[in-house]
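Asker: Here it is: the structure, laid out below.
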Amino acid sequence: LSSAGTVYLVTNSNISPSTNNLISDFAKKYKAKVVYFDAISSHGILSANEKCFEKRVIPAYNFEKAKVIVSFNADFLGTWISPVEYAHQYAKGRKIKDVHGAKMSRHFQVESYMSLTGSNADHRIQIRPSEIGAAIGFLYNAIAAKTGTASLVNPPLNEKAAAALGKIADQLLANKGASLVVSASNNIDEQKVINKINEALANYGSTIDLANPSLQRQGNEQDLAKLISDLEAGSVDVVIVFDNANPAYDYPAADKFKTAFGKAKSRISFAGTLNETGEICNVIAPTNHFLESWGDAEPKKGLLSLIQPTISPLFNTRASELSLLKWADSANVNWKSDAPYYEYLKSNWGQNFIGEES
């Protein structure tokens with residue numbers, strides 16, 4: 001790598017703070033460009049928040065604090081972003097503690113298919129897939145009309161859904177600061193309207209927390225498109241595909257990626273098992289299984305945990321972090337140790353989370 005020209009590293013969203021710190025060290029040494037790619041993209045939410053709040057993050061959603069929940073195609077109890085976390089929160093808001101003054105959250109699901117979340121909603125409003133944007137815009141306009149805010153030019157919506165959304169707007173406005181509107185749309189403009197709705201309802205700082213975001217989705221489709229453009233121009237020397245990222249299969253324009261990817265001089269895969277991207281790499285450096293690895297995790301800002309191996313490596317593999325350490329020739333590691341990445345991990349925690357060891 002010392003004589004390499006343009007270097008790219010492609011990885012799925014990585015919630016390990018130590019691994020991300022190491023990737024940053026590696027990128028500085030080789031002036032490498034890092035591309036985060038997710039098979040299930042949340043690029044729309046991330047980009048909308050970047051434009052609206054200058055923070056490219058998925059907020060922490062607090063479903064337990066919401067008295068009224070409106071979801072547009074977001075299956076938050078089944079598959080959307082962090083369903084185990086959201087289901088736990090949702091259950092708290094649906095539990096009746098006092099039968100005499102019984103109160104529980106009201107849940108409206110606006111969706112184009114039957115989801116687990118929709119099957120649990122108090123009211124399910126069915127729309128066509130093509131009407132999602134119109135439904136979001138209609139709800140914004142219904143709220144804007146009652147708050148004196150300028151409305152949006154919006155495409156037509158079926159009468160049944162429009163009537164239901166008009167009533168939902170009244171319930172949302174009656175619960176300002178205690179409501180939550182979410183959407184699974186990957187359209188940036190639609191997510192910006194969702195943000196405007198939540199702003200009008202004073203939900204930020206209450207049911208939506210931008211200060212302690214979820215780190216489970218970090219993918220940037222624009223960065224991947226730039227990589228493909230550079231590959232097509234023949235200006236990329238090395239592409240390292242970290243762990244199990246698999247854009248040759250998961251990317252919607254997979255054929256375009258594969259054609260461009262073949263133009264890179266060195267294509268290195270760290271995948272633990274052979275996948276479609278690894279098949280077109282010319283170097284395979286399989287990483288350890290997670291049960292064989294040291295690591296850490298920060299799925300939400302400030303929520304930290306450590307991972308330790310439970311078995312010794314069974315095959316001829318090496319932790320991908322150790323490969324990056326060696327190539328970056330990191331000064332923050334004891335190379336005489338039997339487990340250099342463990343030393344790096346310990347050093348990173350000492351410096352950034354728990355203070356230097358005495």
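Asker: On a 0 to 90 degree scale, rounded to 10, what angle separates helix 132-147 from the longest Cα axis of the chain?
Answerer: Helix 132-147 sits roughly 50 degrees off the main axis of the chain.
Asker: Moving to a separate point now. When the solvent-accessible surface of protein heavy atoms is calculated with a 1.4 angstrom probe, in what order do 241, 153 fall, highest first?
Answerer: On the way: 241 0, 153 150 Å².
Of 241, 153, the descending order of accessible area is 153, 241.
Asker: Looking at [x] 0.99; [y] 1.65; [z] 1.13, which value of Cα Rg over 2.2 N^0.38 Å comes from a calculation on the structure shown?
Answerer: Checked against the structure: label [z].
Asker: Rounded to the nearest 10 degrees, what's the angle between the helix 221-232 long axis and the longest principal axis of the chain, both from Cα atoms, 0 to 90?
Answerer: Once rounded, the angle reads 40 degrees.
Asker: Considering only protein heavy atoms, with the full assembly of protein chains and a 1.4 angstrom probe, order 318, 217, 128, 56 by accessible area, largest first.
Answerer: Details: 318 90, 217 35, 128 145, 56 65 Å².
Solvent-accessible surface, decreasing: 128, 318, 56, 217.
Asker: For residue 189 and residue 225, FRET efficiency with R0 = 22 Å and r from the beta-carbon atoms, rounded to 0.05? Please list the in-between numbers first.
Answerer: Values: r = 18 Å, r/R0 = 0.82.
Efficiency, from the Cβ-Cβ distance: 0.75.
Asker: How much of the DSSP bridge set in segment 225-314 is antiparallel, in percent, rounded to the nearest 5? Could the numbers behind the result be given before it?
Answerer: Working: 4 of 10 bridges.
In segment 225-314, DSSP labels about 40 percent of beta bridges as antiparallel.
Asker: Given H placed on each backbone N at 1.01 Å, which residues far from residue 9 in sequence or on other chains put an amide H within less than 5 Å of it?
Answerer: 33, 34, 35, 240
Asker: With a 1.4 Å probe and all protein chains kept in place, how much accessible area does residue 343 have, in Å² rounded to the nearest 10?
Answerer: Probe radius 1.4 Å; accessible area of residue 343 about 40 Å².
Asker: Enter the Cα centre distance for the pair segment 143-210 and segment 46-122, rounded to the nearest angstrom.
Answerer: Here the answer is 14 Å between Cα centres.
Asker: Extension gain residue 94-residue 163, at 0.36 nm per residue separation less the Cα-Cα distance, in nm?
Answerer: Numbers: separation 69, 0.36 × 69 = 24.84 nm, distance 2.54 nm.
That works out to 22.3 nm of additional length.
Asker: Say a paramagnetic label sat at a point 7 Å from the Cα of residue 104, along Cα to Cβ; which residues of segment 39-73 have their backbone N under 17 Å from it?
Answerer: Inside the label zone: 63-70.
Asker: Over 18 Å between C-alpha atoms is what I'm after, so list which of 67/97; 65/146; 55/92 land there.
Answerer: Values: 67/97 15 Å; 65/146 24 Å; 55/92 29 Å.
Result: 65/146; 55/92 exceed 18 Å.
Asker: Assuming a ≥ b ≥ c are the square roots of the Cα gyration tensor eigenvalues, decide whether segment 1-150 counts as rounded (a/c under 1.5), prolate (otherwise, with a/b larger than b/c) or oblate.
Answerer: On the way: a/c = 2.55, a/b = 1.92, b/c = 1.33.
Verdict is prolate for segment 1-150.
Asker: With θ set to phi - 60°, apply the Karplus curve 6.51 cos²θ - 1.76 cosθ + 1.60 along segment 26-37 and write out the HN-Hα couplings as whole Hz, x wherever there is a Gly or Pro.
Answerer: 5, 5, 5, 5, 9, 6, 7, 9, 9, 10, 9, 9
Asker: Also: For the chain, give the share of DSSP beta bridges that are antiparallel, in percent and rounded to the nearest 5; count only bridges with both residues there.
Answerer: Counting only bridges with both partners in the chain, antiparallel ones make up about 20 percent.
Asker: Return the loop-located chymotrypsin sites (Phe, Trp or Tyr not before Pro) in segment 107-159 (DSSP other than H, G, I, E, B) with at most 16 other Cβ atoms within 10 Å of their own Cβ; answer none if there are none. Provide the component values of the computation, followed by the final result.
Answerer: Values: sites: 108, 113, 138, 140; in loops: 113.
Within segment 107-159, the qualifying chymotrypsin sites (Phe, Trp or Tyr not before Pro) (loop, at most 16 other Cβ atoms within 10 Å) are 113.
Asker: Shape call for segment 202-298 from the C-alpha gyration tensor, a ≥ b ≥ c root eigenvalues: rounded (a/c under 1.5), prolate (a/b greater than b/c) or oblate?
Answerer: Working: a/c = 2.78, a/b = 1.46, b/c = 1.90.
Verdict is oblate for segment 202-298.
Asker: Also: Remind me, relative contact order of the chain in percent, using alpha carbon pairs under 8 angstrom and six or more residues apart? Mind showing how you got there, number by number?
Answerer: Working: 659 pairs, mean separation 77.7, N = 358.
Over the chain, the number comes to 22 percent.
Asker: Let me ask you something else. Between their Cα atoms, which of 95/196; 51/226; 258/326; 167/196; 192/258; 51/301 are more than 23 Å away from each other? Spell out each step's value before the answer.
Answerer: On the way: 95/196 30 Å; 51/226 19 Å; 258/326 28 Å; 167/196 19 Å; 192/258 33 Å; 51/301 21 Å.
The answer is 95/196; 258/326; 192/258.
The values are calculated or read from the model by the stated rules, or taken from the named source; none is laboratory data. Note that the structure is a prediction, hence the values are computed from the model and not measured. Cβ: placed from backbone, ideal geometry, glycine included. Neighbour counts: every protein chain shown. Remember, those area values only see protein heavy atoms, side chains included, never the ligands or the DNA or RNA. Shrake-Rupley method; radii C 1.70, N 1.55, O 1.52, S 1.80 Å.
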